[in-house]
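Q: I am attaching a structure below and will ask some questions about it afterwards.
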Amino acid sequence: MLKTPLCDVLGIEKPVFQGGMAWIADASLAAAVSEAGGLGIIAAMNADAEWLREQIHELRRLTDKPFGVNVMLMSPFADEVAQVVIDEKVPVVVTGAGDPRRFMKGWLAAGIKVIPVVASVALAKLVARAGATAVVAEGTESGGHIGELTTMVLVPQVVDAVDVPVVAAGGIADGRGVAAALMLGAQGVQVGTRFLVADECTVSEEYKELVLKAKDISTRATGRTTGHPVRALKTQFSTAYARLEAEGASPEKLAEFGTGALRRAAKDGDVKNGSFLCGQIAGMVRERQSAREIVDDLVEGAQEVLSGVGRWVR
Ligand code: TUI
């Protein structure tokens, strides 16, 4: 058994969070991960309150286990989504892409456990002081919106800086990564990329195929000039975006070019015009499996390496 104090705080069996992937992490995937003993997370992303409400109801039809909702703070619907999670008595809120403190008092007063994703020690300290239940320290290996620091560098510094449990994210897709995260002081992991190819993940077939075919150098980060860097698979779209950026296109022009690109990848499987957000670890994701098989492999793989951890040590 691999169980940390954070599992008891959240009422989950295994310290594995499923990343709140925009346009991808819906009730189908989140319910399957929660049923497998991890923490399934619905991504509220850029959707409105009505969509989120329906997904929460659907998830509750599929499982009675704890789950989370990821509130993407840059979303134009962040305020209404912040209220839906209170109305629906969502057990856990994970936030991303910003400073969540303006919402935290309300969520905590409603009994919601709040777990912000942070990409720096500074934000980790601020949210811990504001009452965060835990933090996810997310390295730049991750897919989607990213910070500067790697998981290896960020996680131990956040662990040292705050008194709340830390969950490691970015570049973790097997038991070795889980074990390494625990060695850095994390009490759990958040995994996105490997769940893209889960049977219960409703993302387009084209997306799954691109992830399965990816190798170590298949992703790139673009958007540094906009202040919101994003990691995605190298495709026609990301190459065109990178070129525009190198030519000095304005943030407005880049935003216009990017509009709708996540939906085109996730829903339409548009390999030309879609933005296929994906972590650097995609090169290790080789197999379609059920969410339960993935969660079990992460945990059992970690137990295996941890039990043999002294192999090289006399
Ligand atoms: O949020 C994510 N990953 C995401 S959000 C997303 S949707 C999107 N698409 C295009 C552009 C922007 C967003 C796709 N993937 N991960 C969590 C995360 N949070 N990574 C980095 C951060 C972060 C960065 C800076 C959090 C806070 C921050 O600064 C806080 C401040 O002081 O405002």
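Q: Cut-off 10 angstrom, C-alpha nodes, Gaussian network model of the chain. Which of R61, R220, R288 fluctuates the most?
A: Highest fluctuation among the options: R61.
Q: Go through F257, Y241, V230 and say which Cα lies farthest out towards the positive end of the charge dipole of region 219-277; charges sit on Cβ, +1 for Lys and Arg, -1 for Asp and Glu.
A: Of the candidates, V230 comes out farthest on the positive side.
Q: When DSSP beta bridges are limited to those with both residues in the chain, what percentage is antiparallel, rounded to the nearest 5?
A: That works out to approximately 20 percent antiparallel.
Q: When N is the residue count of region 174-314, what does its C-alpha Rg come to as a fraction of 2.2 N^0.38 Å?
A: My calculation over the Cα atoms of region 174-314 gives 1.23.
Q: Still on this structure, please answer the following. In whole angstrom, note down how far apart the Cα centers of region 64-112 and region 223-249 are.
A: Centre-to-centre (Cα) distance: 30 Å.
Q: Using a Gaussian network model of the chain with C-alpha springs under 10 Å, which one of P251, P165, P15 is most mobile by mean-square fluctuation?
A: P251
Q: Report the far tail of the P(r) of region 219-277, meaning the percent of Cα-Cα pairs longer than 16 Å.
A: Summing the P(r) tail past 16 Å for region 219-277 gives 34 percent.
Q: Here's another thing I want to ask about it. Multiply the residue separation of D99 and D79 by 0.36 nm, subtract the distance between their alpha-carbon atoms, and state the gained length in nm to one decimal.
A: Once the chain is fully extended between D99 and D79, it gains 5.9 nm.
Q: Okay, moving on. In debye, nearest 20, what is the charge dipole magnitude of the chain about its Cα centre with +1 on Lys and Arg Cβ and -1 on Asp and Glu Cβ, if you could check?
A: Dipole about the Cα centre, nearest 20: 640 debye.
Q: More than 15 Å apart: what percent of Cα pairs in region 66-110 qualify?
A: Percent of Cα pairs beyond 15 Å in region 66-110: 32.
Q: With an 8 Å Cα cut-off and a minimum separation of 6 or more residues, compute the relative contact order for the chain in percent.
A: The normalised contact order for the chain reaches 17 percent.
Q: Along its three principal axes, how long is region 1-49 when you only count alpha carbons? Whole Å, largest extent first please.
A: 37, 17, 14
Q: For region 56-207, what class follows from the C-alpha gyration tensor (a ≥ b ≥ c being the square roots of its eigenvalues): rounded when a/c is under 1.5, otherwise prolate if a/b is larger than b/c, else oblate?
A: Cα axes put region 56-207 in the oblate bin.
Q: In a shell of Cβ-Cβ distance under 9 Å around E206, excluding E206 itself, what net charge do Lys and Arg (+1) and Asp and Glu (-1) give?
A: Overall, the nearby charge balance is -3.
Q: Further question on the same structure: Can you order the peptides 121-128, 105-112 by their average number of other Cβ atoms within 10 Å per residue, highest first?
A: 121-128, 105-112
Q: Where does the chain land on the Kirkwood hydrodynamic radius, alpha-carbon pairs, in angstrom?
A: The Cα-based Kirkwood calculation yields 19.3 Å.
Throughout, read-outs are computed from the coordinates displayed, never taken from laboratory work. Everything numeric here is computed off the predicted structure, so don't read it as measured data. Don't worry about glycine lacking a Cβ; one is built from the backbone with ideal geometry, like all the others, and counts go over all protein chains shown.
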